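The values are calculated or read from the model by the stated rules, or taken from the named source; none is laboratory data. Predicted model only: the values in this text are computed from it and were never measured. Neighbour counts are summed over all protein chains in view; Cβ atoms, including those assigned to glycine, are modelled from backbone coordinates with ideal geometry.
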Amino acid sequence: MSTGLSSTGMFRAVSLPSDADVVIRAHGVNFAYGVGETRTQVLFDNNLEISKGEVVIMTGPSGSGKSTLLTLIGALRRMQEGELNVLGFNLTTADAGSQVELRKRIGFIFQQHNLFSSLTAIENVRMATALKPGTVKEMNARSIEILTRLGLGDRIRHRPAELSGGQKQRVAIARALVNQPSMVLADEPTASLDPESSQIVLDLLRGLADGPTRTTVLLVTHDQRVIDKADRIVNMIGGRIVTNSLTKVAVRICRALAATESLSGLTEATLSRIANSMTVELREPGETIVTQGEEGDRFYTIGSGVADAYIDGDFDEEKCYGEAFGMITSYFKRPVPATVVARTEMELYVLTKDDFLSALADDQSFETRIRSLLAAANAAAVDG
Amino acid sequence: MAPGKTIPLAWRNLTESKLRLLASVAGTAFAVTLMFMENGFRSAMLDSMVNVIERFDGQMVLVSRTLYTLSVPYSFPMRRIVQARNFPEVVGASPVYVVARTGYWRGPETGKLERICVVGYPPEDDVLDVPELKKHREDWDRPDTAMADALSRTDQFGVFHKGQVSELSGRRVEIAGTFELGVNVQSNGNLVMSDRNMMKYFPNLNGVSVGDRSVTVGVLRVRPGANLQRLRGELQAALPPDVRVLTKAEFIARERGFWDKVAPIGTVFYIGVVMGFIVGSVICYQVLYSDVSNRLGEFATLKAMGYTSMDLYRVVLMQAVYLGLMGYVAGLAVSVVLFDWVHRATGLPLDLPRNNPFIILALAVAMCVGSGAYAARRLISADPAQLFA
């Protein structure tokens, strides 16, 4: 994996797999629902590469297009525009038969367990083994083994009505994984699971990715516990992949935001959503980052390094890890309040105006916090 | 128990809810019963209309050129029978007189007149292959006697018994014994008497000479091994055109054809069978459609996993076959009970063998499979992409 350069000129932590390992390659993928006047485009020029054995989280607000992209990757929809290659299948030209063949190599986990209420747990799992048949003994052994690994060894003869919500979801996961798929596509797989069960499932998925099959796992989730198990986060907004970052960086951003005084008390989910919108910027010592009195269009949070702040040319304060600076003039109606110059090498996490506005729209608690900061700043200005 | 080679999804889906299964099978059984009964009535009616003809002890018949059904007995002169006897391959020819509309029996207890069908022939000829008639031939050869059909409607005629005395078309008659023949939709009771008695009770059958007697059917017995079609052609060519020569099988087919298609009572019952089929199709469709709808998410998941639409159709069609078979068995059981009850109540020959249970089985399965195929179209809307919504 390497670090890539975004089109805006800022450095981002981007995972770019090597060619040999690429199992998902999307290039210029567009997709629209409806035709004519009712046509609504939901995906715009998306590019993505994911390699064998990667665990990738897809995030984004509702309607951002992540589910549509997932269904295209899973060959559940026909491609309209662009190129998409999954596990060696060219989905741009694939016929229905090829789509079915590809789906047999993918394990699907949906939010709804969709188990047949008429079948027992093992029979539901055996519905999947029929697609990769063996002897009866072998198929049963395979089913029992995966159910047991998911903590359902004593529930294999139970019907869904006799299982809890979490147990049903684990049966559905067992059904998805029993054929040792080359790829797993999962939609909120841990949503209905208790922490312990979630851990078992996440360990299992991570194990598949790290194991000999090097299964690729693509998850849509808002579960922050998953971040620790993932290699990358792909964030989508408005039908576009806006960030495609290593999760270790995302974790660092989250921690830095959590240390930011003005954002203290916000939930982990909110911080994570903000972090997903941020990009990484590296600065050299002596470099002026923002200049007092100018119109600003971004906020900065310091990930590492130290900077000096000056007001009217006089040293005001030292800024270090977790501290924020910058201004979005068009929103706050004020210029940048201080000039900030890097004293050391710095890693800065940047929220641009567009991402800031979108974060406000997506997260009520973030918006409330910003409004209270704005009110406090206005009051201070009046007092001053 | 560990699962076998394949998971019986269709069976499990159908039998998951016992109450729902009961209602589904009851609905299908209702349609099967309807088809059995309608087909039963149709067969019984057609069979009853040829009941007498089937018992003719002969291979060929002469009938009036104008006769279109035995229930409206047009006649021809007796001399045609004499002419037919002259053919070397005809070893016997007997006249049969049928009075279907003008014979009235007075109930000995009620005094009420009831129309009754009267069949007459020379007792010594054993024209009808009915054991009791052959056995007691001397008894009903006596003047003013008749044999009564024990299967006649008892609510109209009471119970016939030997020695019973009453009135037939205004003349005293004594019941010499009983036999079993059966009623039909045109007649609720039957009497058999000698040709001599027939002339006495229905003098309009008589002519100025024996050769002028009005015969309804001439029953011909032919030499064993004779070519019936060739003989029929030769007889038809030799006899005047006021008679038609038919083999017994042709006569039966004509009579059945008339009631089946011309009358058209058979068609009415046939429509009843079709209605039963349609009702059953609607019931099966509702059952299967609602089951598919309830499991749409599950079927969509199977599609996502790599099952083809044809795989899923197969599940629904198997479910339809099971439903058809279960409904058939239940409907068959109900129909057997109803056949017996209707037979007792009406005297119509309703029973299972003559109702061709295999055709009803085929119809029941076809009905459910057709409905299943139509209901399975719902699977098209099982879009796995929606599962990620």
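Scan the range B:307-319 and give yes if some residue there is of a type in the set (S, T, N, Q) and within 30 Å of A:S67 (Cβ to Cβ), otherwise no.
Yes: one or more hits.
Filter the range A:273-293 down to residues that are out of contact with any Ser or Thr (no Cβ under 8 Å at 6 or more places or on another chain) and part of a loop (DSSP other than H, G, I, E, B) and give me whichever is farthest from A:I311 (Cα to Cα).
Restricting to residues being out of contact with any Ser or Thr (no Cβ under 8 Å at 6 or more places or on another chain) and part of a loop (DSSP other than H, G, I, E, B), the top hit is A:E284.
Does B:S152 satisfy the condition of being under 21 Å from B:T110 (Cβ atoms), of a type in the set (S, T, N, Q) and in a loop (DSSP other than H, G, I, E, B)?
yes
Within the range A:174-201, track down each residue that is closer than 16 Å to A:E101 by Cα and buried (at least 19 other Cβ atoms within 10 Å of the Cβ).
A:A176, A:N179, A:P181, A:S182, A:M183, A:V184, A:L185
Could you go through the range B:349-372 and let me know if any residue there is in contact (Cβ under 8 Å) with a residue 40 or more places away in the chain, more than 23 Å from B:V329 (Cα to Cα) and away from every other protein chain (no Cβ under 14 Å).
No, there is no match, as no residue in the range B:349-372 is in contact (Cβ under 8 Å) with a residue 40 or more places away in the chain, more than 23 Å from B:V329 (Cα to Cα) and away from every other protein chain (no Cβ under 14 Å).
Taking the stated definitions as given, is B:G111 more than 14 Å from chain A (Cβ to nearest Cβ), modelled with pLDDT under 95, more than 30 Å from the chain's Cα centre (by Cα) and not in a helix (DSSP H, G or I)?
So B:G111 fits the description; yes.
So if I check each of A:M79, A:M58, which one is farther than 21 Å from A:T221 by Cα and within 13 Å of chain B (Cβ to nearest Cβ)?
A:M79
Just to be sure, is B:M318 within 14 Å of chain A (Cβ to nearest Cβ), among the aliphatic types (A, V, I, L, M) and farther than 30 Å from B:D155 by Cβ?
yes
Test of understanding: among A:N46, A:N85, which residue is surrounded by fewer than 20 Cβ atoms within 10 Å (Cβ to Cβ) and assigned to a strand (DSSP E or B)?
Being surrounded by fewer than 20 Cβ atoms within 10 Å (Cβ to Cβ) and assigned to a strand (DSSP E or B) holds for just one of A:N46, A:N85, which is A:N85.
Need pairs with beta-carbon distance below 8 Å; first residue farther than 17 Å from B:V118 by Cβ and touching a residue at least 24 places away in the same chain (Cβ under 8 Å) and within the range B:37-56, second hydroxyl-bearing (S, T, Y) and surrounded by 22 or more Cβ atoms within 10 Å (Cβ to Cβ); sequence gap 6+ or separate chains.
Listed by first residue and then by second, the contacts come to B:M37/B:S335; B:G40/B:S335.
Among the residues of the range A:300-359 satisfying the criterion of being in contact with a Cys (Cβ under 8 Å, 6 or more places away or on another chain) and crowded, with 21+ Cβ neighbours inside 10 Å, which is nearest to A:A256 (Cα to Cα)?
Only one residue tops the list, namely A:I302.
I'm checking my understanding of the structure. Among residues of the range B:133-149 that are in a loop (DSSP other than H, G, I, E, B) and on the phi < 0 side of the Ramachandran plot, which one is surrounded by the most Cβ atoms within 10 Å (Cβ to Cβ)?
Residue satisfying both the conditions and the ranking: B:H136.
Could you list, in sequence order, the residues of the range A:33-72 that are under 20 Å from A:M278 (Cβ atoms), in contact with a helix residue (DSSP H, G or I) (Cβ under 8 Å, 6 or more places away or on another chain) and of a type in the set (S, T, Y)?
A:T59
In the range B:1-10, how many residues are outside any loop (DSSP other than H, G, I, E, B) and at the interface with another protein chain (Cβ under 9 Å from one of its Cβ atoms)?
Selection size over the range B:1-10: 1.
Select from the range B:311-353 the residues that are at pLDDT below 90 and not acidic (D, E) and list them in ascending order.
Answer for the range B:311-353, where residues must be at pLDDT below 90 and not acidic (D, E): B:V342, B:H343, B:R344, B:A345, B:T346, B:G347, B:L348, B:P349, B:L350, B:L352, B:P353.
Is one or more of the residues making up the range B:237-253 among the polar types (S, T, N, Q) and outside any strand (DSSP E or B)?
No, every residue in the range B:237-253 fails to be among the polar types (S, T, N, Q) and outside any strand (DSSP E or B).
Name the single residue, out of those in the range A:112-148 being at the interface with chain B (Cβ under 8 Å from one of its Cβ atoms) and under 30 Å from the mean Cα position of the chain (by Cα), that is surrounded by the most Cβ atoms within 10 Å (Cβ to Cβ).
Checked the range A:112-148; the qualifying residue surrounded by the most Cβ atoms within 10 Å (Cβ to Cβ) is A:A128.
Is it the case that the range A:229-240 has a residue that's under 17 Å from A:N114 (Cβ atoms) and touching a residue at least 60 places away in the same chain (Cβ under 8 Å)?
No - not one qualifying residue is present in the range A:229-240.
Please count how many residues of the range A:222-236 are over 17 Å from A:S51 (Cα atoms) and either modelled with pLDDT under 85 or of a type in the set (D, E) (or both).
Number of matching residues: 7.
Quick grid of which residues meet (1) assigned to a helix (DSSP H, G or I); (2) on the phi < 0 side of the Ramachandran plot; (3) touching a residue at least 12 places away in the same chain (Cβ under 8 Å):
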position: A:K137; (1), (2), (3): yes, yes, no
position: A:R157; (1), (2), (3): no, yes, yes
position: A:V171; (1), (2), (3): yes, yes, yes
position: A:P189; (1), (2), (3): no, yes, yes
position: A:S192; (1), (2), (3): no, yes, yes
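Being more than 14 Å from chain A (Cβ to nearest Cβ) and among the basic types (K, R) is the filter; apply it to the range B:11-57 and report the residue that is nearest to the chain's Cα centre (by Cα).
Among residues in the range B:11-57 that are more than 14 Å from chain A (Cβ to nearest Cβ) and among the basic types (K, R), the one nearest to the chain's Cα centre (by Cα) is B:R42.
I'd like to check something: does the range B:161-177 contain any residue that is β-branched (V, I, T) and either surrounded by fewer than 16 Cβ atoms within 10 Å (Cβ to Cβ) or farther than 28 Å from B:V342 by Cβ (or both)?
For the range B:161-177, residues β-branched (V, I, T) and either surrounded by fewer than 16 Cβ atoms within 10 Å (Cβ to Cβ) or farther than 28 Å from B:V342 by Cβ (or both): present.
Taking the condition of a type in the set (A, V, I, L, M, F, W, C) and free of Cβ contacts under 8 Å to residues at least 24 places away in the same chain, does B:W259 pass?
no
If we keep just the residues of the range B:291-309 that are closer than 30 Å to B:A26 by Cα, assigned to a helix (DSSP H, G or I) and not acidic (D, E), which is nearest to the other protein chains (Cβ to nearest Cβ)?
My answer is B:G297.
Quickly run through the range A:255-272 and pick out the residues that are within 23 Å of the chain's Cα centre (by Cα) and not in a loop (DSSP other than H, G, I, E, B).
Selection gives A:R255, A:A256, A:L257, A:A258, A:L263, A:E268, A:A269, A:T270, A:L271, A:S272.
Could you grab me the full set of residues in the range B:248-300 that are surrounded by 19 or more Cβ atoms within 10 Å (Cβ to Cβ) and among the aromatic types (F, W, Y)?
Hits for the range B:248-300 are B:F251, B:F258, B:W259, B:F269, B:F277, B:Y285, B:F299.
Can you tell me which of (1) within 30 Å of A:A176 (Cβ to Cβ); (2) part of a loop (DSSP other than H, G, I, E, B); (3) more than 14 Å from every other protein chain (Cβ to nearest Cβ) is the one B:L288 doesn't meet?
(2)
From the list B:A375, B:A362, B:A320, pick out the single residue that is surrounded by fewer than 16 Cβ atoms within 10 Å (Cβ to Cβ) and more than 23 Å from A:K104 (Cβ to Cβ).
Exactly one residue qualifies, and that residue is B:A362.
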